[in-house]
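Chemist: Sharing a structure below in structure tokens format, with a few things to ask.
Every read-out reported here was derived from the displayed coordinates using simple, explicitly stated rules and does not represent laboratory data. From a predicted model like this one, the values you see are computed outputs, not experimental measurements. Cβ placement follows ideal geometry from the backbone for every residue including glycine, while neighbour counts extend to all protein chains displayed.
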């Protein structure tokens, strides 16, 4: 965000001027060193807005903010910071301050922050917390970040089936559960195994002497702690739940994942898919060129090698190209068109796999659909480009060679656009992983081989 | 949650066989015409699983299912059907059956279905509903589908600030609000303006004589009904809410959008971005080739024209290429590399705009970041390819021409990868819209012009 001079308050020359973002509002007092105004403004903002400002301010302003605003106010904001930004944000802060800031944060979010700290800092921060809280976070830390267990909160209210509604309500009044928790109570048996779920509404609308066992739902959708976070997201979405219980391998209740946590997962996974297909990283930061170079260059370098392979194929046909120079004009058409048709297929397949709309079992259906679609589109584009070649160069044989090569390369794109992500998936890799490189390499190399090979065979007919 | 009877124990004939999907389980009784088994199985499935089966079955099986399974069972499943699939699913069903099926569905979901019907069918279905329900749906129908208003449900419980907690709980018991509603009660003044929000937990944990006005939260985050659905998703995510009140231009409460609705929005928008960048449609169906052709062919045709433009540029330099044929071998390298570097930039910018991480005001920061990143990567790749050209062809001048052209095209890709989505955004278009075509056209045309132009100028030095 480029810092802009905010309009002076007393002038307000523009009348309906667009509202300034929290980061913009904070910038002026921060550069002027007006701590009092900074602290007052930070306290007035919604914690989510302060979080937004923390994400957008430049390093200097952010550092000043961390030094002036009270830790409990900062702590409230931490809950709202974007997950992918958490690691960066707390880097370099002293452990005692981090400890104080994390005191008021829900334990799943606190765990997320601790996970992103250097091991030494993480240890010091954990030691500074009170014992119950440290244990809660340490338990959550045992689950890898991208699993259902890593996304869950362990703060939940459990009851027993033999409780009455009145006793349960009394329990709730005593516990005063914190507001970030879901609105379900989980019912467990004497071995902590999940056996039912009650929502607060059922509780309120039932007579006090009713037993929990008769108001609880027993059709339980739950997820194993070691399941991928995407699986948790998929279940929450498919069953339209606000919270999903997380259990261990013995069906014992460990915590819950809520649908607001999953909003992040869904956005992250979609971003990751998009970014992986083209070799960029979610971790990129607009203010850090070297980080971007580090993430993007390896992919571009592989791409360079594969492009050179395509170039090598072209060089094999130098004699043909020297004889019929006009063939060169259609090289970008053949390569580009096959690549683009393939990228359409690749994108559809990658996304369909990610959303669980198709699985590896649907491979033959997928391939058939893409090949037929590709053939039809190839016939149309091939005819068009043949016509262009004929009218432009007045050479029907050239038209035929170019048209058939275009058809062939669109079909090649469709076949490999399907096979590459399915193969990556079967190999246990992310289907999105650099699919773009392998695909365009294939369409370039095979497309040129086919086009220039055919042209060489037909060289006698081409002017 | 709809309580259902658990599956009978005898229904597990397969032992440890991999679990078959609901669609697979239903397929056999359906093709065998075993209606009894079909109906029994459909009733045993969770409605979300029946919905999944409806989405996956082929047309014949689905039709049979609609004819055999009772409408109220089908109706429960409709709630769980993927939004993008709703239109297709109910196509061709008779209005009276649709009316019966929609009876048990939450009004926002019912509205979604009605929106996707042919106008005649929609009218007949609405007429078959009881009056209150018809009015509720008609009110929701006035909001376009992709706005906050189009995503909201109007079923909510409102109270007044002067109510006591006891009176509010009594009201809840009388109303027995339906289970798909959020867990918040909204507080409105005498003109229906939203003035506070109470969550059920606060209510339960407060003494009965407390006034609603003293337990309600007044820091209200709400969204205007005519705001884009993405804005609603952004607010729910930023403020980590489970439900967001929707108001009209006079701040009057109309309904709420819940975070489970928004899971769909976020997935849809991400898919849309990915698909639009390559010219495919979210509406594609694996079983319908013509639909895919219809959506993809226009984009591929535009792409063909722009590829021909690049080919035309190449043809302008035929004399140069005929003189130094080896130049052709580097054509795919220059074009491919510039295009790929540009696609990296384009993807980062499109996604950052969609997630609200950058705005049009950050344009100069973005461009600077991408140009510097592109220049560094171009210097590395340019040097590498120059070295390859030198070693392969033993021609330092060729290396220089190819290396500089590669650098230039990577920078061209970075600049246009930033400018194209920003320009589309400023023009009020979706930044993802076919960004891929315009970008690769630019890198192809400008890249070839630069490469072959330089080569022509330097022709005396090239062997």
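Chemist: Can you tell me the relative contact order of the range A:158-258? Whole percent, Cα pairs under 8 Å, sequence separation 6 or more.
Modeler: 26 percent
Chemist: Using the count of nearby Cβ atoms within 10 Å as a rough guide to exposure, how do B:327, B:175 rank from fewest to most? Provide the component values of the computation, followed by the final result.
Modeler: Working: B:327 25, B:175 10.
Least crowded to most crowded, the residues run B:175, B:327.
Chemist: Could I ask something else about it? On average, how many beta carbons from a partner chain sit within 10 Å of the beta carbon of a residue in B:441-449?
Modeler: Working: counts 1, 0, 0, 4, 1, 0, 1, 1, 0.
Average per residue, whole number: 1.
Chemist: Follow-up question, since we're still on this one. Restricting to DSSP H runs of at least four residues, report the calculated mean residue ellipticity at 222 nm for the protein assembly as shown, -39500 (n - 2.57) per run over all residues, nearest 500 deg cm²/dmol.
Modeler: Working: 44 runs with 580 residues, N = 926.
One gets -20000 deg cm²/dmol as the mean residue ellipticity at 222 nm.
Chemist: Sorted from shortest, what are the nm distances separating the label point of residue B:88 from equivalent points in the other copies, each placed 7 Å from Cα along Cα to C-beta?
Modeler: Ordered by increasing distance: 3.8 nm.
Chemist: Give me the extension gain from residue A:190 to residue A:461: residue separation times 0.36 nm, minus the current Cα-Cα distance, reported in nm with one decimal.
Modeler: Difference between extended and current length: 88.9 nm.
Chemist: Based on alpha-carbon centroids, what's the gap between the range A:255-314 and the range A:54-70 in Å, whole number please?
Modeler: 28 Å
Chemist: For an R0 of 22 angstrom, estimate the FRET efficiency from the Cβ-Cβ distance between residue B:132 and residue B:158 and round to the nearest 0.05.
Modeler: FRET efficiency, residue B:132 to residue B:158: 0.85.
Chemist: List the distances, in nm to one decimal, from the label point of residue B:32 to the label points of the same position in every other copy, shortest first, placing each label point 7 Å from Cα along the Cα-to-Cβ direction.
Modeler: Computed spacing set for this position: 8.1 nm.
Chemist: Something else about it: May I ask for the angle, rounded to the nearest 10°, between helix B:165-175 and the longest principal axis of chain B, with both axes built from Cα atoms and the value confined to 0 to 90°?
Modeler: 90 degrees
Chemist: Can you give me the angle between helix A:435-457 and the longest principal axis of chain A, using Cα atoms only, in degrees from 0 to 90, rounded to the nearest 10?
Modeler: That works out to roughly 10 degrees.
Chemist: Calculate the mean, over all residues of peptide B:197-206, of how many other protein chain Cβ atoms lie within 10 angstrom of the residue's Cβ. Show your work: numbers first, answer last.
Modeler: Numbers: counts 0, 0, 3, 7, 9, 2, 2, 10, 7, 1.
That average works out to 4.
Chemist: Here is a further query. For label points placed 7 Å from Cα toward Cβ, what is the shortest-first list of nm distances from residue A:131 to its copies?
Modeler: So the distances to the same position in the other copies read 6.7 nm.
Chemist: Can you tell me, using C-alpha contacts under 8 Å and at least 6 residues apart, the relative contact order of chain B as a whole percent?
Modeler: 10 percent.
Chemist: Starting with the highest mean, order A:449-456, A:40-47 by the number of other Cβ atoms within 10 Å, averaged over the residues of each peptide. Can you show the working numbers first?
Modeler: Values: A:449-456: 20.1, A:40-47: 16.2.
Highest to lowest by the protection proxy: A:449-456, A:40-47.
Chemist: Oh, and also: Report the extension gain between residue B:361 and residue B:67 in nm, rounded to one decimal, defined as 0.36 nm multiplied by the number of residues separating them, less their alpha carbon distance. Please list the in-between numbers first.
Modeler: Working: separation 294, 0.36 × 294 = 105.84 nm, distance 5.60 nm.
Length difference between fully extended and current span is 100.2 nm.
Chemist: Under the definition of partner shielding as Cβ atoms of other protein chains within 10 Å of a residue Cβ, what is the mean value for peptide B:346-356?
Modeler: Mean shielding count: 4.
Chemist: Quick one: helix B:59-68 against the long Cα principal axis of chain B, what's the angle to the nearest 10°, folded into 0 to 90?
Modeler: Tilt of helix B:59-68: around 0 degrees.
Chemist: At a Förster distance of 30 Å, what's the computed FRET efficiency of residue A:294 paired with residue B:427, Cβ-Cβ distance as r, to 0.05? Intermediate values should be presented prior to the final figure.
Modeler: Working: r = 34 Å, r/R0 = 1.13.
After rounding, the FRET efficiency stands at 0.35.
Chemist: Quick one: if the Förster radius is 56 Å, what FRET efficiency do residue A:43 and residue A:392 give, using the C-beta to C-beta distance and rounding to 0.05?
Modeler: Step by step, r from the Cβ atoms, then E = 0.20.
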